Amino acid sequence: MGNKSLTAKVEKLPASTGKYINIYENDNKESTTLLWFDPKFESRRDTEQTTQRLRLINDYVKFYTDLDQCVKFIRLIDREKIFLITCGSKTSELLSHVSCLRQVNSIFIYCTKKQSYEHSKIIGSYTNLDELCDAIQNRIDLFDHQLQTFSFFDQNKQSTKDLSRDSGEFIWFQLFNHVIARFPRIEEAKQEMIETCRQYYHGNTKELTLINQFESEYEAEEAIYWYAKQSFIFKLINKAFRSQDIYILYKLRYFISDLSECLRREHKKILLSNKEFFTVYRGGKLDIEEFNKLKENQGKLISMNGYLSTSRRRPQTHDIATKLVKRTDVISVLFQIEVHIKQIGNSVTFADITQFSEYPNDKEVLFDLNACFKIESIEQDGSLELIRMKLSNAGEMITKDYIELT
């Protein structure tokens, strides 16, 4: 990846292609792609306004006017989820091609008069840009809250020499946390990170304002606060972990190191308390394939690919898990995690970040990158699947064994 401009712009391509498209000189660093399909987009008078409004919601936006090219692009997407906005006479045809694809998360119909389409992924039909943008923002906020990928490790195997892909990813995250703390914390690394963020969010006034504020005001002890803002840092870090983007993770090493150090500091406060045990929760929806993989790995270790956000409040996470959606290809789940504080000690870092959060009522507990859990059981509990897990210190031991072997 060179030091290329990541500016997004609407640009007219040769007439023979019949499409408008956002040109990015690099790949998507968001977890989501906003895709707008409209055969008559070139005749719209508000293209610039539309682009800017959408980029305030999600920085990565693409526009297509050609049906075949649009379908081709959607089919090529692998690691992101698509939020599709479609309008015009070819809407039904487009939906017949892509609505059942796993990478398409939500569909929004934008038209001059409300029309009715039947599909579980269709969120609604909208006649003005404000209503449309509000609906997209709500869905992406919900998606970001639920999004999590994970890796498994079979601790019953006798050797870490012959690792499966899942076990290899599990080890990767354990080792990353081990290595990141050893990078020197220097000003050059901070500027490298800021420049990377500026390049990617070029043209996005909302994120650029925050990046400028970060450059002038950031202090190491404020890392949790900046992460909890769920702005540019939160987005880039979590997408990079999910995709194991070494390049971006290296560029963000300055902040990742600070965040881990802040979490360790807050973790010490928990260890000094008299509390020995607590339970946290995380609600969401999983694809059937993801859920089945969890069931197959009961009794094994699981690590979340990145930081894991949880809540002490079961009712709130239960509501998120059971939030009504029309889709039949997802399952409502509630992760219930037991934490035995004294038993874990310093081997796994976790912290109550309520005081740093913009949403203190969430009573958020954040787990650092080295957290791993044992899947105790999965059982139906009313309208959802209850996944009982227990925080484990086995990850630290597995990492030590692997380092000794290599």
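Coordinate-derived values only; no laboratory data. What you see is a predicted model, and the numbers here were worked out from it, not measured in a lab. Cβ sites come from the backbone with ideal geometry, for glycine too, and all protein chains shown count toward neighbours.
Odds and ends about this structure:
- Mean residue ellipticity (222 nm) of the chain, computed from DSSP H runs ≥ 4 via -39,500 (n - 2.57), nearest 500: -12500 deg cm²/dmol
- The value obtained for the range 358-401, namely the Cα convex hull volume divided by the number of residues, is 104 Å³ per residue.
- Amide H within-cut-off set for GLN155, under 5 Å, with H built and near neighbours excluded: LEU301
- Annotation: amide H-H contacts under 5 Å for GLU385 (H modelled 1.01 Å from N, sequence separation of 5 or more, or interchain): SER332, VAL333, LEU334.
- Remark on SER392: its backbone amide H falls under 5 Å from those of CYS372, PHE373, LYS374, a criterion applied only to residues 5 or more positions apart or on other chains, H modelled at 1.01 Å from N.
- Net length gained if the chain between THR279 and LEU129 were fully extended (0.36 nm per residue, minus Cα distance): 49.8 nm
- Both radii come from the Cα set of the range 148-405: Rg as radius of gyration, Rh as Kirkwood radius; their ratio Rg/Rh reads 0.96.
- Normalised by residue count, the range 47-119 yields a Cα convex hull volume of 102 Å³ per residue.
- For a modelled paramagnetic label at ARG314, 7 Å from Cα along Cα-to-Cβ, the residues of the range 324-353 in reach, with backbone nitrogen under 17 Å, are 333-340.
- Mean Cα-pair separation over length for the chain, i.e. relative contact order, pairs under 8 Å, 6 or more apart, %: 14 percent
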